[in-house]
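Below is one structure, written out as structure tokens, with a few remarks after it.
The values are calculated or read from the model by the stated rules, or taken from the named source; none is laboratory data. The shown structure was predicted, so the numbers you read here are calculated from the model rather than taken from an experiment. Here the Cβ is made from the backbone with ideal geometry for all residues, glycine too, and neighbour counts use every protein chain on show. Just the protein is used for accessible areas: all its heavy atoms, side chains included, with ligands, DNA and RNA removed. Shrake-Rupley method; radii C 1.70, N 1.55, O 1.52, S 1.80 Å.
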Amino acid sequence: MRRETGGCFCGRIAAAMDGEPFWICYDHDDDCRRAIGSPLTIWVGYRPKQFQLLRGTPKVFSKTPGVTRTFCPDCGSSIGYRDEGLPDEFYVTIGFLDKPEGFRPQAHAYWDLRLPCIEFDDSLPRIDRYSRKRDPTFGNPRDR
């Protein structure tokens, strides 16, 4: 079985992800851009039962209704997020993974919110909203 590991910049938080991720996607939305501090991220989707903390206790933050983000309380490294509108899904940011080169995105989400200075020359689907079927009662970042 595939096992991937990840850790924060200072090493206080470590985790393992067992099995194959179900979704890997570039994310261009402005909520994630602000939370991560980067023009975009790549989210790697796992089921919560696939994610196991090995060391440390992440800090949890929520600004967006239904969305909780985790990060290291010491160095601030982003770990992942959980969205109540996407039950049974947990997303780990590519920067948390020890071997990020083993993950290939399958699409671009929030393509219409991308920064124009970043160009892509790929044939991946470009989706202007969420790339996953999400409970609409939680809204979309673009509409908040």
Original post:
How big is D, in µm² s⁻¹, for the chain by Stokes-Einstein at 25 °C and 0.890 mPa s if Rh is the Kirkwood radius over C-alpha pairs?
Top reply: 158 µm²/s
Subject >> Charge sum, other residues only, whose C-beta stays under 11 Å from TYR26's C-beta, Lys/Arg counted +1 and Asp/Glu -1 >> reply: 0
Original post:
Where the only charges are on Cβ atoms (+1 Lys, Arg; -1 Asp, Glu), what is the dipole of the chain about its Cα centre, to the nearest 20 debye?
Top reply: 400 debye
Original post:
What order do you get for 84-93, 31-40 when each peptide is scored by the mean count of other beta carbon atoms within 10 Å, highest first?
Top reply: 84-93, 31-40
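Summarise the accessible area of segment 1-142 (1.4 Å probe, protein heavy atoms) by the percent that is carbon and sulfur.
Values: 3930 of 7790 Å².
Ligands and nucleic acids excluded, carbon and sulfur reach 50 percent.
Counting Lys and Arg as +1 and Asp and Glu as -1, each charge on the Cβ, what is the dipole of segment 23-75 about the Cα centre in debye, to the nearest 20? Please list the in-between numbers first.
Working: 8 positive and 5 negative charges, 52 e Å.
Dipole magnitude for segment 23-75 comes out near 240 debye.
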**OP:** Have a look at the DSSP beta bridges in the chain and tell me what percent are antiparallel, nearest 5.
**Re:** 90 percent
Subject >> Cα-based Kirkwood hydrodynamic radius, segment 70-144, one decimal, Å >> reply: 14.6 Å
**OP:** Check the straight Cα-Cα distances from LYS99 and name the aspartates and glutamates below 20 Å, setting aside those fewer than 8 residues away within the same chain.
**Re:** GLU4, ASP18, GLU20, ASP27
**OP:** Could you work out the local net charge near TYR91, counting Lys and Arg as +1, Asp and Glu as -1, over the other residues with Cβ closer than 14 Å to its Cβ?
**Re:** -3
**OP:** Would you calculate, for the chain, the mean residue ellipticity at 222 nm contributed by helices, counting each DSSP H stretch of 4 or more residues as -39,500 (n - 2.57) and dividing by all residues, to the nearest 500?
**Re:** -1000 deg cm²/dmol
Original post:
At a probe size of 1.4 Å, how large is the accessible area of TYR130, to the nearest 10 Å²?
Top reply: 50 Å²
**OP:** Pick out, from PHE9, HIS108, SER38, the residue whose Cα sits farthest towards the positive end of the charge dipole of the chain, with +1 on the Cβ of Lys and Arg and -1 on the Cβ of Asp and Glu.
**Re:** PHE9
